[in-house]
Amino acid sequence: MADTQTYQALAFTAKGTSRDRVTLPADLFDGTVHVPAMHQAVKAYLANQRQGTAATKIRKFVVGGNQKPWKQKGTGRARAGSTRAPHWVGGGTVFGPTPRSYAQYVPRQVRALARKSALNARARENAIVVIDMIDFDSPKTKLMKALVDRVGGGDKKVLVLTHGAKENVFRSGRNLPNVHVLPYADVSTYHLLWSEMVLIEEAALSVVEGTSGPQTADRGPQAAAKKSSMKATAKAEKKSATAAKKPAKTSKPTVRTAKKTAKKTAKKKGT
């Protein structure tokens, strides 16, 4: 489901002072919210966090049990070949868990669609806040807490997206249970849906707006015609350059031509 309206977000200065609202990039915030793609991305993210190290021992890996506990016949008891059989106490486990990978693969385009949908879902809820810049001279949890409170995220789960990796900002927010700091390029659908407020640096949005995909000028029939003409020109130039490199062909007399010339010369001499 998509609508064509543009989204605006609250904006703050680096010190947390409110300023004019900012219009979010239309190519990214176009109203697209694809719930199945978000579900698939979140399910894969949670599955990929699993280590898959659960393991049990089958009977051949359990220590002991190499000797037959009693002879086959004559005791009156049921026949047994090992004390490590599955029905014995201390025996091996049947069909128990073994180390495995829970990793799930999600196609790149589906991941991009899910991430875009999550951003649009937060934009619909007016949960996206833009800030000029976030940077600290040294890691200080107190500074991060004060900034989050000033932008209105004191009692909310806040996802802080920085323009590139900023260690001081990350270390300032890691002790706050409701604050998560990530570079904008590394954010996932799970983190966006986990948050109740998304605080984004304005520089990150501008980079995304300028490099969000192929430009529209490179598409359409005119662009295709221009591309084909450029290919034809390049091919012609390559052909002419190849022809210039080749030496000019000189006509060499063949054996047949030489024989004919010799016969004509002999006839003239005979006459």
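From the list VAL110, VAL106, which one is under 26 Å from the mean Cα position of the chain (by Cα), at pLDDT 95 or above, of a type in the set (A, V, I, L, M, F, W, C) and in a loop (DSSP other than H, G, I, E, B)? Break it down stepwise before answering.
On the way: VAL110 fails: in a loop (DSSP other than H, G, I, E, B).
When all the criteria are applied, what remains is VAL106.
Yes or no: the range 78-98 includes at least one residue that is among the aromatic types (Phe, Trp, Tyr), exposed (fewer than 12 other Cβ atoms within 10 Å of the Cβ), within 23 Å of the chain's Cα centre (by Cα) and farther than 26 Å from THR162 by Cα.
Looking only at the range 78-98, we keep the residues that are among the aromatic types (Phe, Trp, Tyr), and these are 88, 95.
Applying the additional criterion that residues be exposed (fewer than 12 other Cβ atoms within 10 Å of the Cβ) yields 95.
Going one step further and asking which of them are within 23 Å of the chain's Cα centre (by Cα), we end up with none.
Within the range 78-98, not a single residue is among the aromatic types (Phe, Trp, Tyr), exposed (fewer than 12 other Cβ atoms within 10 Å of the Cβ), within 23 Å of the chain's Cα centre (by Cα) and farther than 26 Å from THR162 by Cα.
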### Query
Failed condition for ASN120, given (1) of a type outside the set (A, V, I, L, M, F, W, C); (2) within 47 Å of the chain's Cα centre (by Cα); (3) part of a loop (DSSP other than H, G, I, E, B), with all others met?
(3)
### Message
I'd like to check something: does the range 66-84 contain any residue that is among the hydrophobic types (A, V, I, L, M, F, W, C) and closer than 20 Å to ALA121 by Cβ?
### Response
no
### Task
Name every residue in the range 162-193 that is buried (at least 21 other Cβ atoms within 10 Å of the Cβ) and more than 17 Å from the chain's Cα centre (by Cα), in order of residue number.
THR162, VAL169, SER172, GLY173, VAL179, VAL181
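Of the residues that sit in the range 245-271 and are among the hydroxyl-bearing types (Ser, Thr, Tyr) and part of a loop (DSSP other than H, G, I, E, B), which one is modelled with the highest pLDDT?
Here is the first cut: in the range 245-271, the residues among the hydroxyl-bearing types (Ser, Thr, Tyr) are 250-251, 254, 257, 261, 265, 271.
If we keep only those that are part of a loop (DSSP other than H, G, I, E, B) too, we end up with 250-251, 254, 271.
Numbers: THR250: 55, SER251: 55, THR254: 63, THR271: 56.
Looking at residues that are among the hydroxyl-bearing types (Ser, Thr, Tyr) and part of a loop (DSSP other than H, G, I, E, B), I get THR254.
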#### Entry: The listed residue being closer than 29 Å to GLY153 by Cβ and without any contact (Cβ under 8 Å) to a residue 60 or more places away in the chain, out of ASP20, ASP30
ASP20
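Select from the range 171-200 the residues that are among the charged types (D, E, K, R) and more than 19 Å from LEU113 (Cβ to Cβ) and list them in ascending order.
Applying the first criterion (among the charged types (D, E, K, R)) to the range 171-200 yields 171, 174, 186, 196.
Result: ARG171, ARG174, GLU196.
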## Note on the structure
Exception for VAL148 within (1) in a helix (DSSP H, G or I); (2) of a type in the set (Val, Ile, Thr); (3) more than 11 Å from VAL198 (Cα to Cα) falls at (3)
#### Entry: Of all residues making up the range 99-140, the number that are more than 13 Å from ALA9 (Cα to Cα), touching a residue at least 40 places away in the same chain (Cβ under 8 Å), surrounded by 15 or more Cβ atoms within 10 Å (Cβ to Cβ) and in contact with a Lys or Arg (Cβ under 6 Å, 6 or more places away or on another chain)
0
### Query
Within the bounds of the range 53-62, is there any residue that is part of a loop (DSSP other than H, G, I, E, B), under 30 Å from LEU192 (Cβ atoms) and in contact with a helix residue (DSSP H, G or I) (Cβ under 7 Å, 6 or more places away or on another chain)?
no
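Checking the conditions here, which among ALA14, ALA47, ALA26 is farther than 19 Å from SER117 by Cβ and part of a loop (DSSP other than H, G, I, E, B)? Steps first, answer last, please.
Values: ALA47 fails: part of a loop (DSSP other than H, G, I, E, B); ALA26 fails: farther than 19 Å from SER117 by Cβ.
Exactly one of ALA14, ALA47, ALA26 is farther than 19 Å from SER117 by Cβ and part of a loop (DSSP other than H, G, I, E, B), namely ALA14.
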### Residue among LEU161, LEU143 that alone is outside any helix (DSSP H, G or I), in contact (Cβ under 8 Å) with a residue 12 or more places away in the chain and not charged (D, E, K, R)
LEU161
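The values are calculated or read from the model by the stated rules, or taken from the named source; none is laboratory data. The structure displayed is predicted, hence computed values, not measured ones. Virtual Cβ from ideal backbone geometry, glycine too; neighbours counted across all protein chains shown.
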